[in-house]
Every structure is written in C-alpha cells, then in structure tokens.
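Asker: Submitted below is the structure of interest, expressed as structure tokens.
The values are calculated or read from the model by the stated rules, or taken from the named source; none is laboratory data. Everything numeric here is computed off the predicted structure, so don't read it as measured data. A quick note on method: Cβ atoms are made from the backbone with ideal geometry, for glycine too, and the neighbour counts reach across all protein chains shown. Areas reflect the complete protein model, heavy atoms only, side chains present, ligands, DNA and RNA absent. Shrake-Rupley method; radii C 1.70, N 1.55, O 1.52, S 1.80 Å.
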Amino acid sequence: AHAACYIIVTPECTFGRLRNMILPPNCVQLFSRNFSKLHCFRISENLQTESDEDDDVDGSTQGSAKDVQISTDSSKQTLKIFDGNDAVKRNQFRLISVPRIAKNEEVVEAALRAYYINDDQQEYELQTFTQQALLSDDVINRNDAAEDSNLGSVFRESIPEAWIIRAKPKDEEVIRIYPAWLKVGMAYVSLRVNKHSTTQTVIKEVLPLLGRQMECLQNFKLVEVLMGSKQVQRMVLDNQELILNRLKDIRKTSIRQMNQTRFYIVENSKSIVRVNLFVGGLPPQLTPEEYTNILKDELAIKTNVVSVSHVYQAQGAVVLEISCFSEAERIYMLVKDTTVNDKPLNAMVIPEVMASKLPQNCCPLLVFVNPKSGGLKGRDLLYSFRKLLNPHQVFELTNGGPLPGFHTFSKVPSFRVLVCGGDGTVGWVLGALEETRHKLVCSEPSVAILPLGTGNDLGRVLRWGAGYSGEDPYSVLISVDEADDVLMDRWTILLDAEEPAEGAENGVAEPEPPKIVQMNNYCGLGIDAELSLDFHHAREEEPGKFNSRFHNKGVYVKVGLQKISHTRNLHKDIKLQVDQHEVELPSIEGLIFINIPSWGSGADLWGSESDNRFEKPRIDDGLLEVVGVTGVVHMGQVQGGFRSGIRIAQGSYFRVTLLKPIPVQVDGEPWIQAPGQIIISAAGPKVHMLKKSKQKQKK
C-alpha cells in the first residue's frame with residue numbers, strides 16, 4: 001500500500017464476500033525464483049494472449065504507425081531513439097518527431113517523453129548512434145558478455161537518424177531504500193550516496209533511519225528488484241559493490257529499466273529451498289524406485305538434491321521435491337522435450353498449501369476449467385476465476401489433468417470442487433477423485449458444475465442449467481457458495497470380451513483383458529451408442545467445427561436421419577439379467593441404463609407417470625433404471641417430449657450378455673464392444689454433489 005493509504009488499511013484482510021472459498025495467500029508457499037508467473041500459476045503459453053506493454057515486442061512497429069502521420073511535414077524530422085544497450089541489441093526503438101532546427105534540450109525532452117520518463121531533462125544527453133560510439137561505449141548483451149556479432153546491420157540506414165539517450169554521470173545522488181517486510185511504518189527512506197558508497201555502508205546508514213540501529217549488519221542484505229511486466233527479478237548485491245557504479249550499469253542497459261528498479265533492505269532468513277515439481281506422462285503402475293531410475297535415465301536428475309516425495313502409480317505421475325533452484329529449472333525445461341515409451345512428459349510447478357494456517361471456517365474452492373469446452377468460454381472463465389480467487393486454486397485441465405489440483409489440496413481438511421466443462425469433463429474429474437480419495441484428508445469434497453459442453457445432462461439435473469451463457473463469474477461463485485449438498489450414485493461397468501481381439505499373431509489369439517469404466521449419467525447399447533459413435537467420428541475428422549452447441553446438435557440430427565431406415569433387432573443380440581433374474585426384452589433397437597433423470601440434452605427417458613412396478617427414481621437411491629427405445633424416430637419423440645422410453649427394469653446389479661459386436665456408450669464416450677459380458681454394479685461410496693439452491697435460481 002502507499003504510505004498515505006497504509007494508515008486506513010484494516011489490520012486484517014477479510015477477502016470480502018468470497019472469503020469462505022478463497023485460498024488465503026498466507027497459507028500458500030511457493031519457492032519460485034526465476035519461474036515466471038506463467039509457470040507458477042500453470043498458465044499455458046498457447047493460451048496466453050496478454051501483450052506486454054512495458055517490454056516492446058516490436059518498438060519499430062509502434063513508431064512507424066506514428067511516423068505515417070508526421071512524415072508529410074517537411075519542417076520536421078523523425079529520429080529513432082534507443083533507451084540503452086539492451087534496446088540496441090534487440091533493435092527496439094521508439095520514433096520521435098522534432099523540428100529540423102531544434103535545440104538539444106527539445107530533442108532530449110521528446111526522447112524522455114517517448115519512454116514515459118518524467119525525470120529532469122538536464123540529467124540526460126543524446127549520443128549519436130554510430131559504430132564507433134557503440135564500440136567505445138562498450139555495448140553489451142543481456143548476459144553482460146561482450147557482443148562479437150557485427151553491428152553494422154543495425155545502423156546502415158542514414159534516415160531516420162538514430163540516437164541513444166544516456167544518463168549523465170553523477171558524483172552523488174539520492175536513492176530510495178524500501179524496507180520490504182520489515183514492519184517499520186514507512187514506505188521508504190531516502191539516502192544520499194557518493195562514489196565511495198558500497199552496499200555495506202548503505203545498510204549501515206539505513207538501519208538507524210528504520211529504528212534498527214542496534215541490529216547487526218550481517219543480518220541484513222540489499223536486494224535489487226526489477227519489476228518487469230511479466231516477472232519480478234531479484235538480485236542480492238555484494239557487500240563491497242559500489243552503488244553509483246551499479247546505478248550507472250542499470251541506466252547503461254536501459255534508462256527505462258532504472259525506473260522499474262527498486263532497492264530493498266531485507267532481513268536474512270535461513271530459508272530452506274523446496275521446489276515441488278509435478279511430473280506426469282510416466283508409465284503407470286511402477287514402484288518409486290522404478291520411477292526414480294526412469295528419471296535418472298531420461299532427465300539425469302541429481303539424487304542428492306532431488307527426491308520423489310509422492311507417487312501416483314495408477315496415473316503414472318510423481319511429485320519431485322527439489323532443494324536446488326537451478327536443478328528445478330533444468331528439469332522443468334528438459335521435461336518439455338522428453339518422451340517415455342513414445343509418450344511426452346509434462347511438468348508443472350505446484351504450490352504447497354500449509355493446512356495448519358488455514359482459518360477454522362475456511363472451505364476453499366478447487367476450480368478445474370477445461371478451456372476447450374464451450375468454444376472460448378472456458379478460456380475466459382479461466383482468466384476470471386484466477387482474478388476473483390487465488391490463482392493457485394484454479395487449475396487448467398488441459399495442463400496435466402485433475403491430479404495436480406487434488407495433490408495440491410491433499411492436506412486441506414475441508415474443500416469444495418467446481419468443474420467447468422461438459423459431462424465428459426465432470427466424469428474425468430470424478431474419476432480422478434475416486435482414484436486419489438485415499439490420499440486426501442478431505443476424502444469426500446462436494447462437487448459443483450458449470451456446464452460448458454453440449455448435453456450437460458448432469459448440470460441440468462443439479463439445476464446449473466443447460467449450458468453457461470456468459471453469466472458474471474462472480475455470481476457463479478456466489479451460487480456455488482450457497483448451493484445445497486446432495487448425494488449421487490456412481491456405477492462401475494466391467495466389460496469382459498469373450499472373443500479374441502483381431503489381428504493376433506500366428507493365429508493364436510488372446511481375449512481382450514477386462515475393461516473397467518465409471519458411469520455417472522447413463523450407459524447405452526445399440527442405436528443410442530451408434531449415433532454417438534457416428535458423431536464422435538465426425539468430430540474427430542473436423543474438430544474445429546464442433547465449437548458450438550447449436551452446430552453439435554445439428555450434426556446429431558443429421559446422423560439420426562441417416563439411421564431412420566435401418567432396422568436392428570437388439571433384443572435378439574443381447575440377454576439381460578437384473579439382480580440375478582433374467583428379464584425378457586421387448587422388440588427394441590436401443591437399451592439404456594440411466595442414473596439421472598436427464599438424457600440426450602435434457603429429455604426425460606423414464607417419464608413422469610406413476611408405475612406400481614417400480615420406485616420413483618432418485619439419483620441417490622442405489623438403483624439404475626433400464627429403458628428401451630424402438631429406433632431413431634422413438635428417440636426423437638422422447639427428446640421432443642412427446643413420448644417416454646419403454647420401462648424395462650430397475651435394480652442395483654446388472655449382467656448383459658452380448659452375442660455379437662454391439663455399439664456401447666458410457667456418458668457420451670462410444671466404442672464397439674466385442675461379444676462377452678457387461679456387468680454394472682454400484683461403485684463404492686456415493687459422491688457428494690452441489691445442487692444450485694432454488695432460491696438462488698429464482699433471483
């Protein structure tokens with residue numbers, strides 16, 4: 001805070017209306033050093049579109065645009081202005097327009113104005129941009145190494161003329177020293193330094209001004225901080241470094257950089273470096289020793305500073321604890337270009353949440369966003385939630401999946417989850433939660449949904465709507481905070497093919513191993529799955545076109561119309577057993593097991609009519625409803641609200657025998673299932689979901 005504002009700031013930040021769901025910053029520890037905010041907040045570079053106004057990407061482009069307006073005036077001339085050696089190396093200049101007969105002071109003033117520098121113009125001068133001037137002035141590159149490359153290409157053009165703006169040398173000047181985290185009640189102290197002033201003498205003079213005259217000099221250090229637009233760079237100054245020389249070097253590199261640089265006096269602390277690096281994409285089901293050996297072979301990790309702190313065998317992921325910044329940075333960069341078993345690895349810097357510091361009533365919200373869902377709405381929500389909440393509690397699912405988020409929150413005693421995506425995304429997160437539940441202190445977090453997909457059946461049932469249409473993200477978070485906790489059944493589907501897989505060698509074939517999938521919404525066999533499969537193939541061929549719900553539903557209709565004339569006798573190709581009892585199937589083309597009262601983008605397949613044979617369906621009754629459809633026309637009538645499906649059974653344990661290959665889909669993911677057995681049963685504990693409150697919905 002500004003010194004004047006500091007007086008009116010309350011001692012404690014309450015975080016406002018969202019305080020219960022914000023992860024307090026003081027509870028997050030992250031050793032980052034040279035990791036930028038893109039790395040620390042896990043922001044994908046391909047999604048990063050923010051322009052960096054402070055560091056010109058192409059200064060000449062900006063200057064040329066202005067030049068179009070001024071070049072027609074023959075009484076004026078256009079000059080290229082560089083603000084230091086760094087700008088020369090990158091050929092990044094700004095253009096100014098001055099009269100052809102102009103005083104030196106006028107040109108200096110225009111040059112300073114071009115770089116938004118408000119200092120006294122008497123302290124600056126212009127240096128002609130020539131080969132001799134550059135060499136005599138010891139132009140250096142950004143690594144402070146002598147530049148060997150030929151500079152001729154930079155200044156071959158004689159028009160417009162090019163100049164470098166330089167700060168005049170000083171024998172003494174006043175600098176500001178900021179007290180960093182020292183609680184001294186002032187924003188900074190001003191100190192006059194001369195050519196004899198060193199870092200040590202500055203610390204010695206500053207401590208009494210801060211009321212710390214009794215402190216030992218060795219307990220403090222002077223830190224130079226460059227606050228650029230993309231990251232903050234810190235450098236501890238050597239005790240014997242001459243301060244005026246350091247200021248001269250900074251201005252020589254860039255006078256604008258000098259305005260972005262501060263000096264802080266910092267108390268030494270014996271902090272232990274501990275960087276947590278999540279590495280995914282490894283082969284699953286290996287031992288910690290095997291993972292360590294792979295990392296040794298592929299990344300040449302140094303085991304004296306790198307250890308495997310957590311292993312997620314089912315997902316093929318590990319968390320590395322690294323006690324050396326340079327080793328952490330090296331591994332992070334190397335992982336990007338490394339593949340194991342033809343699968344690329346991925347890495348991200350993850351924070352450590354100090355659960356012991358969390359307030360008693362704090363229940364932070366863990367946010368997962370699929371930026372590919374709902375056109376560009378997912379990406380926009382990602383930006384919004386990072387601003388409204390702590391960015392460390394917002395995770396992008398295309399960058400490592402849900403596991404890094406659950407690991408980060410593994411020690412949090414109570415938290416909720418918000419999933420922004422379609423039904424497939426929700427299933428992905430719930431599946432990851434099921435797999436990692438045993439490693440979470442809060443093993444049963446409640447899950448809310450912000451529907452971004454096409455069908456969004458689960459979102460409809462839980463009152464979150466048919467799809468996100470641009471509501472204020474702040475209002476969404478308020479709704480999540482006020483939502484009601486409900487239970488929902490989840491189901492395990494075991495698919496055991498009895499026929500061997502095709503393409504076996506030497507004519508000797510092994511059957512496919514059993515496949516286990518989790519189901520939240522529904523499972524379809526026959527025509528329902530066949531339409532999903534055709535849609536899936538169409539989307540794979542032209543994924544760029546499937547970015548709106550309207551287009552997606554249009555493709556579904558087109559695929560359905562192509563299937564109207566087809567006839568199938570699904571009831572002859574499968575056998576159904578419910579709770580150990582054989583069930584005779586009517587003449588149908590599709591068989592659907594439903595867990596929620598919404599199917600195919602909001603249709604009520606079971607129907608609302610009362611029936612003495614069955615209980616009224618609920619999402620937490622431990623029962624699935626089995627419904628048949630006679631074809632595409634019947635499905636269309638159900639989705640139009642004119643008919644219901646054919647009620648066949650209700651139960652908790654199902655065995656389906658496939659007599660021939662049949663299309664199958666689970667929660668919108670379709671495939672062709674070989675002949676064999678399909679067993680559907682309850683999947684462990686019910687999952688806690690958040691249902692939007694009716695009161696909030698009416699507002």
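Asker: Can you work out the accessible area per residue across the stretch 355-482, with the rest of the protein chains kept in place, probe 1.4 Å, in square angstrom?
Answerer: 33
Asker: Inverting the mean 1/r over all pairs of different Cα atoms, compute the Kirkwood radius of the stretch 410-494 and quote it in Å.
Answerer: Radius from the Kirkwood sum: 13.8 Å.
Asker: With θ taken as phi - 60° and the coefficients 6.51, -1.76 and 1.60, list the Karplus ³J(HN,Hα) couplings across the stretch 581-596 in order, rounded to whole Hz; mark glycine and proline as x.
Answerer: 10, 5, 10, 7, 8, x, 6, 9, 10, x, 10, 10, 9, 10, 9, 10
Asker: On to the next question. Starting from the Cα of Arg176, step 7 Å along the direction of its Cβ; do the same at Asp579; then give the gap between the two resulting points in nm.
Answerer: Computed distance between label sites Arg176 and Asp579 equals 7.6 nm.
Asker: So, one more: Quick one: with all protein chains in place, what share of the accessible area of the stretch 355-482 is carbon or sulfur, to the nearest percent (1.4 Å probe)?
Answerer: Within the stretch 355-482, the accessible surface is 50 percent carbon and sulfur.
Asker: Extension gain Glu125-Asp472, at 0.36 nm per residue separation less the Cα-Cα distance, in nm?
Answerer: In short, 119.8 nm is gained.
Asker: If you take the beta carbon distance between Thr657 and Asn20 as r and set R0 to 45 Å, what does 1/(1 + (r/R0)^6) give as a FRET efficiency, to the nearest 0.05?
Answerer: 0.35
Asker: If we count every other residue with Cβ under 15 angstrom of Val311's Cβ, Lys/Arg +1 and Asp/Glu -1, where does the sum land?
Answerer: My count for the surroundings of Val311 gives -3.
Asker: Treating only the Cβ of Lys, Arg, Asp and Glu as charged (+1, +1, -1, -1), what charge dipole size does the stretch 172-267 show about its Cα centre? Round to the nearest 20 debye.
Answerer: Around 340 debye, computed over the stretch 172-267.
Asker: Taking the Cβ-Cβ separation of Ser307 and Lys204 as r and a Förster radius of 51 Å, what is the calculated FRET efficiency to the nearest 0.05?
Answerer: According to the calculation, E is roughly 0.80.
Asker: Explain nothing, just compute: Karplus ³J(HN,Hα) = 6.51 cos²θ - 1.76 cosθ + 1.60, θ = phi - 60°, for every residue of the stretch 356-371 in order, whole Hz, x for Gly and Pro.
Answerer: Taking θ as phi minus 60°, the curve returns 5, 8, 5, x, 4, 9, 7, 10, x, 9, 8, 9, 10, 10, 9, x Hz for the stretch 356-371.
Asker: Here is a further query. Starting from the Kirkwood radius over alpha-carbon pairs of the stretch 275-349, derive D by Stokes-Einstein at 20 °C in a medium of 1.002 mPa s and give it in µm² s⁻¹.
Answerer: In µm²/s, the coefficient rounds to 179.
Asker: On a 22 Å Cα-Cα criterion, which of the cross-link pairs Lys439/Lys686; Lys411/Lys694; Lys515/Lys660; Lys411/Lys692; Lys616/Lys691; Lys296/Lys343 come out too long?
Answerer: Beyond 22 Å between Cα atoms: Lys411/Lys694; Lys411/Lys692.
Asker: If you bin the C-alpha pair distances of the stretch 592-689 every 10 Å from 0, what whole percents do you get?
Answerer: 13, 43, 36, 7
Asker: What nm value, rounded to one decimal, do you get for the distance between Asn118 and Glu289 when each label is placed 7 Å out toward the C-beta?
Answerer: Placing both labels 7 Å along Cα→Cβ, they lie 6.6 nm apart.
Asker: Amide H neighbours of Gln77 under 5 Å, at least 5 residues apart or on other chains, H built in the peptide plane: list them.
Answerer: Val98, Arg100
Asker: Which residues' amide hydrogens lie under 5 Å from the amide hydrogen of Leu366, considering only partners 5 or more residues apart or on another chain, with H built in the peptide plane?
Answerer: Distant-sequence amide H within range of Leu366: Arg416, Val417, Leu418.
Asker: Where Rh denotes the Kirkwood radius from the mean inverse Cα pair distance, what is Rg over Rh for the stretch 355-482?
Answerer: 0.94
Asker: Let me ask you something else. State the extension gain, in nm to one decimal, for the chain segment bounded by Asn268 and Arg100, taking 0.36 nm per residue of separation less the distance between their alpha-carbons.
Answerer: That works out to 54.9 nm of additional length.
Asker: If every alpha-carbon in the stretch 172-267 counts as one equal scatterer, what log10 I(q)/I(0) does Debye give at q = 0.16, 0.19, 0.21 1/Å?
Answerer: Each listed q corresponds, in turn, to -0.64, -0.91, -1.11.
Asker: How big is the stretch 310-350 by Rg and Dmax over its Cα atoms, in Å?
Answerer: Cα radius of gyration and Dmax of the stretch 310-350 are 11.0, 30 Å respectively.
Asker: Still on this model: Which shape class applies to the stretch 347-416: rounded if a/c is under 1.5, otherwise prolate when a/b exceeds b/c and oblate if not, where a ≥ b ≥ c are the square roots of the Cα gyration tensor eigenvalues?
Answerer: Prolate.
Asker: Return the sequence-ordered ³J(HN,Hα) values of the stretch 421-432 in whole Hz as given by the Karplus equation 6.51 cos²θ - 1.76 cosθ + 1.60 applied to θ = phi - 60°, using x for Gly and Pro.
Answerer: So the J values, rounded to whole Hz, are x, x, 4, x, 5, 4, x, 4, 5, 5, x, 5.
Asker: Gain in length, Ser610 to Phe642, computed as 0.36 nm per residue apart minus the alpha-carbon separation, to one decimal in nm?
Answerer: Value of the extension gain: 9.8 nm.
Asker: Continuing with this model, one more query. Using the basic label-point model (7 angstrom from Cα toward the beta carbon), what is the Ile679 to Arg618 distance in nanometres?
Answerer: 2.8
Asker: What residues have an amide H closer than 5 Å to that of Val28, excluding those fewer than 5 places away on the same chain, when H is modeled at 1.01 Å from N in the peptide plane?
Answerer: Sorted by chain and number, the residues that satisfy this are Met354.
Asker: Taking Cα pairs under 8 Å and at least six residues apart, what relative contact order does the stretch 275-349 come out at, in percent?
Answerer: Across the stretch 275-349, relative contact order equals 45 percent.
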